Amino acid sequence: MELTVFTEDLSETTIETGNSEGQSIAVPDEVFATDFNEALIHQVVTSYLAGARSGTRAQKNRSDVRGGGAKPHRQKGTGRARAGSTRNPLWRGGGVTFAARPVNYEQKLNKKMYRVAFRSMISEIARQGCLMVVSDFSVLTAKTREIANRLRRLGLTNVLVVTEQQDDNLRLSVRNLEWAHALDVGKLDPVSLIEYEKILITVSGLRKLEERLR
């Protein structure tokens, strides 16, 4: 298996998997040649999406509603139904019978499982030829038109750009493009990997990703 490092003029420098020496950049098989594990990837993506849910819905039950401390009328002799509080759910202004409460939707996931699933996803993306490595992708000024032209020149129309560190100019340049997004390696997540058809990553970002997934 081989990956190719592109420059802006689309010239190529080959990088091979394994431990080969020389001018080529070696990437380990344990990270970029992992078997595809669909079940584990599904579990990781589901867990990530579940953890992103806020679960902050809430309603007031009879104990949360202010007031209602005094009994509205005496127990007997009025001809009315017995009542101990005006905040009873049956009364106007009362609490909700089965009030919604904040819910934590997080699912437990071991770090080892997360790393293995991430390796599996990256390896499959590389096998399908959807991982494009560039020597550098720096942006001097935040210009959406310029970055769009650069990406189209590379033949990328649905792409996630991954760099070693956060580049504010790059982030500002692509934020108005619905077909592109930019992240640094530290914020790369499984959902972002499957959301875009192509992954554009710098050599330095690839090295940092390699360290993260070892």
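Derivation of every value follows stated rules applied to the coordinates shown; laboratory data play no part. The shown structure was predicted, so the numbers you read here are calculated from the model rather than taken from an experiment. Here Cβ is always computed from backbone atoms with ideal geometry, including for glycine, and neighbour counts include all displayed protein chains.
Counting only GluC sites (Glu not before Pro) that sit in a DSSP loop (anything but H, G, I, E, B) with at most 16 other Cβ atoms within 10 Å, what is the longest stretch of the chain containing none of them? Of all site-free stretches, the longest is 22-105.
How much length would be gained if the chain were fully extended between LYS71 and LYS143, taking 0.36 nm per residue of separation minus their Cα-Cα distance, in nm to one decimal?
19.2 nm
Counting other Cβ atoms within 10 Å, which trypsin sites (Lys or Arg not before Pro) in region 41-125 have at most 11 and lie in a DSSP loop? When the trypsin sites (Lys or Arg not before Pro) of region 41-125 are filtered for loop state and at most 11 Cβ neighbours within 10 Å, ARG53, ARG57, ARG66, ARG74, LYS76, ARG80, ARG82, ARG92, LYS108 remain. The three principal axes of the C-alpha atoms in region 31-83 carry coordinate ranges of 82, 19, 9 Å, sorted with the longest axis first. With distances taken between every two different alpha-carbon atoms, the chain has a Kirkwood hydrodynamic radius of 21.1 Å.
Evaluate E = 1/(1 + (r/R0)^6) for GLN166 and ASP35, where r is the Cβ-Cβ distance and R0 equals 30 Å; express this FRET efficiency to the nearest 0.05.
0.40
For region 18-108, the mean projected area of the C-alpha convex hull, equal to one quarter of the hull surface, is 11.3 nm².
Grab the Cα-Cα distance for ALA58 and LYS111, subtract it from 0.36 nm times how many residues apart they are, and report the gain in nm with one decimal.
Extra length from ALA58 to LYS111 when fully extended: 15.9 nm.
Here the label points at THR78 and ASP189, each 7 Å from Cα along the C-beta direction, are separated by 5.3 nm in the simple model.
What is the fewest-to-most order of VAL31, VAL191 by other Cβ atoms lying within 10 Å of their Cβ?
Fewest to most other Cβ atoms nearby, the residues stand as VAL191, VAL31.
Each other residue within a Cβ distance under 15 Å of ILE194 adds +1 if Lys or Arg and -1 if Asp or Glu, for a net charge of -2. Value of Rg to Rh for region 58-101, rounded to two decimals, is 1.05; Kirkwood radius and Rg both from alpha-carbon coordinates.
Placing +1 on the Cβ of every Lys and Arg and -1 on the Cβ of every Asp and Glu, with nothing else charged, gives region 80-166 a dipole about its Cα centre of roughly 620 debye. Here r is the Cβ-Cβ distance between ARG150 and HIS42 and R0 is 41 Å; the resulting FRET efficiency, rounded to 0.05, is 0.75.
In what sequence do LEU40, LEU49 fall when counting other Cβ within 10 Å, fewest first?
Taking fewest neighbouring Cβ atoms as first place, the list is LEU49, LEU40.
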